[in-house]
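Written out below as structure tokens is the structure these notes cover.
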């Protein structure tokens, strides 16, 4: 029998190795060309993120450990962790009331928006013209924060719509935005109302993904509406509820526009939140170091809350 293998291939076969012909080298060169082309297409996006995300983030980290008035870069003076310790020093208002108001504002707006959106989304799921109802509830999202804040500000005035309704019901007028005890809850209501449209869209999509066979089986077993909602709807809506909770909480923790339009942090600091305090420190007092340190503290709070929510919903999912 004549051996037709090439010397290199025959030697490879004798040693028990497969022959690596020119096709392997061709595939390697093709992959390298594809990688180069991929990096060329990614280069504009990577450059954009480097210029507008990574560099500002690094500069903010530098400022958080420096003292700077916001003018010449040569005036930056390193101070180490002094800006961070100053936020929590005795006499500082960052922890109380600023950070406390921020957490209360976010928690209250999430609770109201989540409860309202679950009820409204469930009702819409049983109505005709569902697209029309979702559009009506989504309108506040496409409205500017300045418009929403000014409209509600006028509604909260002593002669506004809300007090007019209260007077018609026999109750007295309430100084919603002038009383420190009612100012923050009043803003929570506005924030929840303005953000409920997005939550409804997410939850209605989640309701549509629940198979109808589950409800049919529950009806055959004689389960009532409350049992069906508690045992079927809510557990299967858990991914949508987690998305709503995380996004709404992030929005609440970073809220700025609505508060500066309606109260500017007053009365007496009752509605002063972290984002507003950062703005005031940077642009009113010229202390960019303290503002940057507050920003990173808020980032740590946002990260911790987000991880806690993801862990909590994941644990409930495993328990279910």
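Just so you know, all these numbers are worked out from the coordinates, no wet-lab data involved. Just so you know, these numbers come straight off a predicted model, no measurement behind them. Please note: Cβ atoms are built from the backbone with ideal geometry, for glycine as well, and neighbour counts cover all protein chains shown.
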- Item | Three-way shape label, segment 34-167, alpha-carbon gyration tensor, a/c 1.5 | oblate
- For residue 174 and residue 33, calculate 0.36 nm times their separation in residues minus their Cα-Cα distance, and state this gained length in nm to one decimal. 43.7 nm
- Task: Under 1.5 on a/c is rounded, so check that first for segment 95-286, then, if it is not, pick prolate when a/b is larger than b/c and oblate when it is not; a ≥ b ≥ c are the square roots of the alpha carbon gyration tensor eigenvalues.
- Result: prolate
- Query: Between residue 90 and residue 264, how many nm apart are label points set 7 Å from Cα along the C-beta direction?
  - Reply: 3.3 nm
- Cα centroids of segment 23-64 and segment 160-216: how far apart, whole angstrom? 44 Å
- Task: Pop the C-beta distance of residue 284 and residue 51 into the FRET formula with R0 = 35 Å and round what comes out to the nearest 0.05.
- Result: 0.80
- Task: Can you tell me how much longer the chain between residue 147 and residue 223 gets when fully stretched, taken as 0.36 nm per residue apart minus their C-alpha distance, in nm with one decimal?
- Result: 22.8 nm
- Query: Under the rule of -39500 (n - 2.57) per DSSP H run of 4 or more residues, summed and divided by the residues of the chain, what mean residue ellipticity at 222 nm is obtained, to the nearest 500 deg cm²/dmol?
  - Reply: -21500 deg cm²/dmol
- Using Cα atoms only, what is the angle between the long axis of helix 100-124 and the major principal axis of the chain, expressed in degrees (0 to 90) to the nearest 10? 80 degrees
- Query: Once both labels are modelled 7 Å past Cα along the beta-carbon direction, what's the residue 123-residue 301 spacing in nm?
  - Reply: 3.3 nm
- Query: Could you give the length gained on full extension between residue 247 and residue 132, defined as 0.36 nm per residue of separation minus the Cα-Cα distance, in nm?
  - Reply: 39.0 nm
- Cα-based shape type of the chain, given that a ≥ b ≥ c are square roots of the gyration tensor eigenvalues and the cut on a/c is 1.5: oblate
